[in-house]
Each structure stands twice: as structure tokens, then as C-alpha cells.
Amino acid sequence: MSNQIVRLIQAHLGTLLFFVGGGAYSEGAEPISYNLYGSPGLIDMPTAQSAPDAEIGATLGYFAGTTRTTLAFQITPRLSGSFRYSRIQNFMIATGGDTYDRSLDLRYRFVDEGPYRPAIAIGLRDFLGTGRYSSEYVAATKHVGPRLTFSGGIGWGRLGSYKGFDNPLGALDGRFDTRAAGSSATGGQIESGKWFRGDAAFFAGVSWVATDRLTVKAEYSSDAYIIETTSGRDLFERKSPFNFAVDYQVRDGVRAQAYYMYGSELGASISLVLNPKQPTVNGTAAPAPLPVRVRESAEVVDLDWTTQPDSVEMLRVRVAEMLAAENLALESIDIAGRTVTLRLRNNRTLIAPEAIGRTARILSQVMPASVEHFTIIPVVGGVPASAILMNRSDLERLEHEPDNAWKSYVRVEIVDAGDTTDPGVYSESLYPKFRWNLGPYVSPSYFDPDSPVRADVGIELNAFYDLAPGLGLSGTLRHRLAGNVSKSIRLSNSRIQPVRTDAVLYAREGGTALQHLTLNYQFRPGTNLYGRVTAGYFEEMYGGISGEILWKPVDSRLGLGAEVNYVKQRDYDQMFGFRDYETTTGHLSAYYDFGNGFHGQLDVGRYLAKDWGSTISLSREFANGWKIGAFATFTDVSFEDFGEGSFDKGLTFTIPASHFLGQPSPTTVGTTIRSITRDGGARLNVRNRLYNDVRKYHAPELRANWGRFWR
């Protein structure tokens, strides 16, 4: 048994590391133990405890033929969610085959722990899946001293299956007395008609912190494990409702647990955690910014430099050199007696105020003393995103003031840059310019029942040719060296047009593949407006032409956009040919910044399979570049025609390299995890969509991150 557990952990550890990459708890926060379901809890039972705000936990647990891999996120201080992928051995009684199950949990702590009252939370387990783990609960947790914690609660569904009793909610409505059996044929639907229905049962447990690293736990379980112990499946013999565990903190961010379960089984789990709010590297390797040069009062009126014929060129060269030392690029500069307008390309950091602040310091060092008014225009894709206007004297006065971040923010003016500002002289080193890089790639694939985690690895060549401001050509050529994505036997069984489910055919024939090759043009059609036109091979499956327009005032939380695409399906070898399928797809989009890092998006329109519907997305974003979100798409494709999963849904992650490097970097790694890839609700993948790049330089986001202006 112990060797089997070790082998399972070794086999899945790579997946956990991909999800979270190790890390540390928030400084000063009490470490939270994750249970076998990958949520804060005891062993198999939940508690009312919450992880520190924004913590990400990945847990791999095994016992009695069941392996659970769970990714949990503390969405807000009170609300948490978990996505779980489970393998249950010998599930198919007729054949002895395994089954794989995807499930989603939510929990909300609605009462905080006080001197005399416990914390109380309500939870939904597997409320969006096949229903194999479907259960609801109300849990309470109370600390008795610094080391002893008691928890208990009442559960329904699986958590009401051992020593159950009549549902107390039945006194309110007789419909609570019974719970429907089974689940929808396609799974993945919200079956709220089952929630808190049927028999209920009590669960309880205790944990004792023996040392700074070791915790001992015991619990009374209300889960009868009816599915797993059914005759013919017989995964284990449930002899007792009591479970016992030891939990050991191997190092910061890594906890290992060992279990004795239900009087008959051994189990184990490992949990890795990190918090996007806390970098994994203490401090930063980046050099300190230049100081602001303070002028003498007599210098301010001196305009003699304006009579020198080469003065502007000398200043331009000096500014460009100093910006390059900060990994920033000068697009253009226009210098007059009292003003300077500079267009800035930020190659340094994801944190826009940091790039703006360092640029302002450089201007204070280089510009003649008479130049009082600085206008810095961040450029995205060759077009101005906004204009930040500031007075040089404010910089001189505030650099060493207490609360200088807020004082400097209220003194700047952030306005629309439009497309009318005289760009001055563009840097000759930027247009035209050819760039390229060669490196490795990893392309993962998830949730194939024959091999839940697959991946291809190889080398890729990326090339970029900046032709003019806003106009660029880019491409990616890949060559696969090894991998098993193409070995999947799951071919499309779609009832509708296959637009994504034939991905394995692209993997098989695309050993050397033109991943994308596009000509992209971005422009400003007017005030508060941004435009994009892209033509070429957008992604591995589709090519064509795409157009987008975005309305986004610089001082507004709201953005509105429209996109239209005409596309054809590419040949499986992913070179230059096309298949017969073609379509027009597009969406109207609304974007909103709710504040506190929460962003919402609603897309309504036509998808790749010619289905009509909408996608709703919600993400939480952090000042350092981390983004964690979820989305769901509903179209006029019925749940039955969509197939397994019922509708398209998933999680999105954007991870900044700077979190792990300890120095500024604009590089991020993004991935989308879908419970299953089907054809309904599929959307085209196009690079350089406007909203996320543009809004970084608008007032709501600049204000949220302005604390980095002086860094």
C-alpha cells in the first residue's frame, strides 16, 4: 500500500508544481491544513476555516483506490473555491475500469470566530459536476487556546449518508425531505434542486498543533462511501466512522499528511501553496531609480538652450540612452521651451506607474531647467494609450514627502491621448526593426481519461518585424521533439461542427507547425477609441481576417468593444493550406472594473460552430501581475448536443515571471484549464486584443498601482 501511494504522488507531483510552483504563506498568517478534498479542513470533513486571502493551494491525495488532485483559491477573505479532478479505480463494475471525475466546490464563511462564538461557514461540494461527491454542509470551528481547535457541522448528500436523520429543514418545506438520485446525463449542470435535501447527518473533529510543524487530527465522518463500497466495486471496507491523521509542514508552502481512514485504510496527501500577494523571492535585484534633480530657481528662466541648433537632438539621444538602461524605449519626443512630450514603450515591467515614474525621473535629470511640464504617453502596439501630465516642480517637492505616492497622484492629470498629438521625431532604432528568439516550449493537454495530463515539448522560433508605429508582422514556427498529445485516441464525436474536438488530428500531423503568422495594425480612430485589424494565420486551427474596435475612456471603469472575424479552418499539418469549413464569428463585449482587483467581462455573439450565445468571465487581478479567473459560456447548442460537461467553462491563470525572479519583467505565462474541451461556445484565439493592454494605462488601474511610481 505504501509503495502504491508513493508512486501515485510521484506521478502527479509534476502537475501540482505546474499549477503553483511552490511558494510561501503570507507573512504572519496561520498555516491552514488542506484535507483530502483539497479544501481547508480536517481529513475528509470540512471546517469553517479559511485560507489567507488570495492563497492558492494544490493538493494531491490518495486512499482506497481514489486519487484526488485539487486546485483551491481563496477568492475573497470569506469566499473560496476548489476545482478537483479525481480518479476512482475499479469504478465500472462490469469491466473493472477506472473513471475520472471533475467537480467544483464553493464555500462562504459568514460568521467570524469571536471570543465565545465559533466561525461558521456554508459550503457546496461538487455542485457543478457529475454529482458523485455532491454534498452540502454548514460547519463551525472554534479555537480553544492557541493549539487546540474543534470543528463540527451538519451535512447533506454524501455528508448525510452515515447515521442520517430526518432533514431538519423539512419543518420549513416538505420538499427538503427527499433528495433526487443520480445526475444529468451529460454532467456539469447546476442541480440546485438537490441542495440541502434528503437525510442530514452530523460530523465533527479536532486538531492539535503539537509543534510548530506537526499537527495531529481526528474526526468523525458522516460519509458512508456508498459508491466506493458497493458490491462489485469494493474499493475498501468501511469499518469505522473515525479517521486519524498527522500533518507535517515540510517547509514553507509544503505540507504532507498521512492518514488512517475508516478503520481499514492508509492514505496520504501533499499540499503546495503560494500567495500571489507575496513574492517567492525576498527583495528585488533591480537597481534603485535615479533621484529627481532639483533645479535652482535662477535656472528656471534660462531659455538660452533653445537657440542651440543641435540641442533637441542631443537631449533626445541622452533620454533614449537613459531609458534603455531601464529597459524602457523612447518612441518619440517633442521638446519646447517649457514642455516636453514623450512617447514611451514599456519593456520593463507589468506595473505601469513604475515605468512612468522612472521616465519622469530621467526627464528631470536631462531636460533643461526651463522645462516645467512633462507629458508622458505610454504607447501600446504603436498607438498612445493615455497621456499623463505632471509638473516637474511637484516631483521636486514630493520625492521625499510622507505619503508621496498619493500626493503625486492627485497632482497628475490623466487624459486621452487621441491620435492628434504631434509625435515629434520617432526613434530610428525602432522602425523598421526585426527581432527574433529561439527557445523551448511546453504544450500541455488536460483531462484525457486515458492520460489526464499530456504534454508536447519542442523548440519554437518567434519572429517580429515592426514596420511602422502600429503596424507589425509576427510569426511562430514550432517543431515537436517529444510528447504524447498526438497519441490520444479520443477523436471527435461531436454532434455539431467539430471546431475544437479534432485537436488531436492537428497534434498528430503538426510535428513541424506554423503556429501563427499575422500582420497586425493598431490605430486610434478617435477620442476614447482604439482599433485593430489582424490578418493571417491566427492560431493552429484558424486563419482569416479580424477587426476590433474598443471604446474606453481613460477615467472610466467601463469599456465596450466589438469584434468581427472571417475565418477558415486550417489544414491539420498547420502549414499554409485550409480545409473547407469557414464561418464569420464575432462578439459585442462589455468590460467593467469592479475595484479591489476584480474585473468582469460579458461577450455576446456568434461562436466558431455558428452557435449564438454569451460568455461571462470574472477575474481577480493583483498589482504584481497575477490574474486568476473563471468563465462560463452558454449558447443555443443544447446540453445534450454539447455533450459531456453540458456547457463550456473553465479557469484562467496568468503568472508573472517577476513573482519568481525577484526583478521587474513584463513576461507572463498564461494557461486555461477547461473541465472538457467541446465544440459549443468555442471562440477564436487572436493575439493583441485591445482591452487588457490599453486599460493598464488608464486612471482606475494607474490609481490602484500608483504606489510603485516612486520605485
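At a probe radius of 1.4 angstrom, the accessible area of the chain per residue rounds to 43 square angstrom.
Translational diffusion of the stretch 524-616 was estimated from the Stokes-Einstein equation, with Rh taken as the Kirkwood radius over Cα pairs; at 10 °C and 1.306 mPa s the coefficient is 107 µm²/s.
Once every DSSP H run of n ≥ 4 in the chain is given -39500 (n - 2.57) and the sum is divided by its residues, what mean residue ellipticity at 222 nm do you get, rounded to the nearest 500 deg cm²/dmol? Intermediate results must be reported in sequence, preceding the final value.
Working: 11 runs with 95 residues, N = 711.
Taken over the chain, the calculation gives -3500 deg cm²/dmol.
When the accessible area of the chain is computed with all protein chains present and a 1.4 Å probe, what percentage of it is carbon and sulfur? Within the chain, the accessible surface is 57 percent carbon and sulfur. Taking 0.36 nm per residue of sequence separation and removing the Cα-Cα distance, the R175/S311 pair yields an extension gain of 40.6 nm. At the residue level, S364 shows approximately 0 square angstrom of accessible surface with a 1.4 angstrom probe and all protein chains present. Contact order, relative form, for the chain: 9 percent (alpha carbon pairs under 8 Å, 6 or more residues apart, mean separation divided by residue count).
One quarter of the convex hull surface, Cα atoms only: what value does that give for the stretch 308-449 in nm²?
On the way: hull surface 52.2 nm².
Orientation-averaged projected area of the Cα hull: 13.0 nm².
Rounded to whole numbers, the Karplus 3J(HN,Hα) couplings from phi for the stretch 216-228 are 10, 9, 9, 8, 10, 9, 9, 9, 7, 6, 4, 4, 6 Hz, using 6.51 cos²θ - 1.76 cosθ + 1.60 with θ = phi - 60°, and x at Gly and Pro.
The long axis of helix 311-325 is offset from the longest Cα principal axis of the chain by roughly 20 degrees.
Distance between the pseudo-spin-label points of A336 and F242 (7 Å out from Cα toward the beta carbon): 8.5 nm. Straight Cα distances below 16 angstrom link K627 to the lysines K277, K696, with same-chain residues fewer than 8 positions distant left out. Hydrodynamic radius of the stretch 65-152 by the Kirkwood approach over all distinct alpha-carbon pairs: 14.9 Å. For D571, the residues whose modelled amide H falls within less than 5 Å of its own, excluding neighbours fewer than 5 places apart on the same chain, are G577, F578, R579.
FRET efficiency for the T668 to L290 pair, using the beta carbon distance and R₀ = 25 Å, is estimated at 0.40. Each 10 Å bin from zero up to the one holding the largest Cα-Cα distance in the stretch 110-196 carries the following percent of pairs: 16, 38, 30, 13, 3. By the Cα gyration tensor, the stretch 262-334 has an equivalent ellipsoid whose semi-axes, rounded to whole angstrom, run 58, 16, 9 from largest to smallest.
The values are calculated or read from the model by the stated rules, or taken from the named source; none is laboratory data. Just so it is clear, the structure is predicted and the values come from calculations on it, not from any experiment. Because the Cβ atoms are built from the backbone with ideal geometry, glycine has one as well, and the counts that use them run over all protein chains shown. Accessible surface is based on the protein model in full, side chains and every heavy atom, while ligands, DNA and RNA are left aside. Shrake-Rupley method; radii C 1.70, N 1.55, O 1.52, S 1.80 Å.
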